[in-house]
1. List pairs: first in segment 257-279 and in contact (Cβ under 8 Å) with a residue 24 or more places away in the chain, second of a type in the set (Phe, Trp, Tyr), Cβ under 6 Å, 6+ apart or cross-chain?
2. If you check Asp97, Asp101, Asp128, which single one turns out to be charged (D, E, K, R) and modelled with pLDDT under 75?
3. Given (1) touching a residue at least 24 places away in the same chain (Cβ under 8 Å); (2) touching a Pro at 6+ places or on another chain (Cβ under 8 Å); (3) polar (S, T, N, Q), where does Thr112 come up short, assuming only one miss?
4. Right, Gly62: at pLDDT 80 or above, surrounded by 20 or more Cβ atoms within 10 Å (Cβ to Cβ) and within 24 Å of Leu83 (Cβ to Cβ) or not?
5. Give me a count of the residues in segment 312-350 that are more than 23 Å from Ala473 (Cβ to Cβ), touching a strand residue (DSSP E or B) at 6+ places or on another chain (Cβ under 9 Å) and touching a residue at least 60 places away in the same chain (Cβ under 8 Å).
6. In the same structural domain as Gly152 (by TED's automatic domain parsing), farther than 19 Å from Leu141 by Cα and in contact with an Asp or Glu (Cβ under 9 Å, 6 or more places away or on another chain) - does that describe any residue in segment 46-56?
7. Ile298 versus (1) more than 23 Å from Asp367 (Cα to Cα); (2) under 13 Å from the mean Cα position of the chain (by Cα); (3) crowded, with 16+ Cβ neighbours inside 10 Å: which is the lone unmet condition?
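The values are calculated or read from the model by the stated rules, or taken from the named source; none is laboratory data. What you are looking at is a predicted structure, and each value in this text was computed from that prediction instead of being measured. We place every Cβ from the backbone using ideal geometry, glycine too, and count neighbours over all the protein chains shown.
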Amino acid sequence: MADEAQSARLLAGLARRIASSLDLQETLQMVVQSVVDQLGFGAALVNMARPGDVCEVVAVAGSDDATEALMGTRAPMEAWYELLAACEAWGELRFLDHSSDQSPAGPIPSWTPPTAPVDEPGAWHPDDSLFAPLYAPDGTLIGVLSVDEPPGGMLPDAASCRLLEQFAVHAALAIEHARVHTFVADSERLFRAMFDRSPIAIALLTEDQHITRVNVAFEKLLGRASAELIGTVAAELTRPDPVPARRAADGTASSWSHYEIHFTRPDGSEVWGRVSSTLLTVEGGTEPCVLLTQIEDITILRTIQARFAYAATHDRLTGLANRALVLDRLAAALTESERGRDRVAAFYCDLDHFKAVNDTLGHAAGDQLLAEVARRLELTARERDTVGRLGGDEFVVIAYPVPSAAEAAGIATRLMNAVQQPLELAGSQVHPTASIGAALSAPGTVADQLLADADRAMYAAKAAGGDRWRLAAAP
């Protein structure tokens, strides 16, 4: 089982790396190596779409034999489409059983691990295949992340599959980000050649920031015609106001530092831009200075960055805070509580008999139950509280301020009652219950300690028969 905290840190690091536009090849290699290191697969690789309607293996982690056999090999995109269509859907993943008689239109890069087949239920056959298709926002297939040789020679469990899906999301975003970044770089080179035809928004301003000329890209960016923009003071279009132009000590022109700013279009939508302006003068001339301003549309980048930040701190299934964010919020609440009298309460919630739901109604029903419990806990918790999912059927609620044990008891009771409400799953009525452990902070309590106290209290509630809550003994 992968270390969830370590995996969260790896995913957050990958997100920062992608947002920083670092080398794509190295980033994808980090993704496949993380899959091998964290999830225990014997091999992982990324096929990436290339010009000419082909897919090429660009990153491999695993044995030297696998790397030698796979790196740089290519296959037609058509073959990948047919192969993925023949696979069984495992959430966002695709699984192809070795006994399938489906065959793609062309050769697919493959490597068969040197392991003998095991004839037992749930065993992984050397010819089995597990893929994660990588899609662009418009639904275009831009690559495939595939793995082989799961740990223990058995089919990967649901937790490993969900984590593999997260690594696949980061691989797809890395490829898409590189494509966007390449497009912007090409546009900047085009700007050097011609002003009016540049896809980058460019404007010429007077030294006091009145707009004198804009290109078509600038009009589109702001959603305004040039007639509306000419003569306008740039500060009237933006928030916050631009930084005033600066001159060097010798009186020559000085370039501004890059900064980000956002514009509001007439229809109310907002566009983010990265601004770079240079004050131009003609040496020895009497003509007024001209401010050349280039605005790079980074709305997509901002959206991707927000997606990275969210994926690194939230559970993919429920949208709740993940372990890393829960611990951050808990530590912040404990720090704040040290300055006052109120205490922090942690409620560790574990569903009773959750495995029976998966076994009898299927994993889709289990996921539906988890999502519904997450929704109920969020609705029941107070506005300032944090609700998180630590993995599996384990949830946590961080409450602050909590003035007394009586208040903590009331919160625990409300959470338990919220979980107990029946719901319909896969045509059957289910009556979920939960075992809840509560723990209250004391001076000097740290986040891991308080969470561990709540965890022990939860196990005490479960040992007493479940469908109840227990308060951890005061330290």
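1. So the pair list comes out as His262/Trp272; Val271/Phe263; Val275/Tyr259; Ser277/Trp256.
2. It is Asp101.
3. (1)
4. Against the criterion (at pLDDT 80 or above, surrounded by 20 or more Cβ atoms within 10 Å (Cβ to Cβ) and within 24 Å of Leu83 (Cβ to Cβ)), Gly62 qualifies.
5. Result for segment 312-350: 12.
6. No.
7. (2)
Quick grid of which residues meet (1) farther than 21 Å from Gly465 by Cα; (2) within 23 Å of the chain's Cα centre (by Cα); (3) assigned to a loop (DSSP other than H, G, I, E, B):
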{"site": "Leu334", "(1), (2), (3)": "yes, no, no"}
{"site": "Ala345", "(1), (2), (3)": "yes, no, no"}
{"site": "Asp350", "(1), (2), (3)": "no, no, no"}
{"site": "Lys355", "(1), (2), (3)": "no, no, no"}
{"site": "Asn358", "(1), (2), (3)": "no, no, no"}
{"site": "Ala365", "(1), (2), (3)": "yes, no, no"}
{"site": "Val373", "(1), (2), (3)": "no, yes, no"}
{"site": "Leu379", "(1), (2), (3)": "yes, no, no"}
{"site": "Arg384", "(1), (2), (3)": "yes, no, yes"}
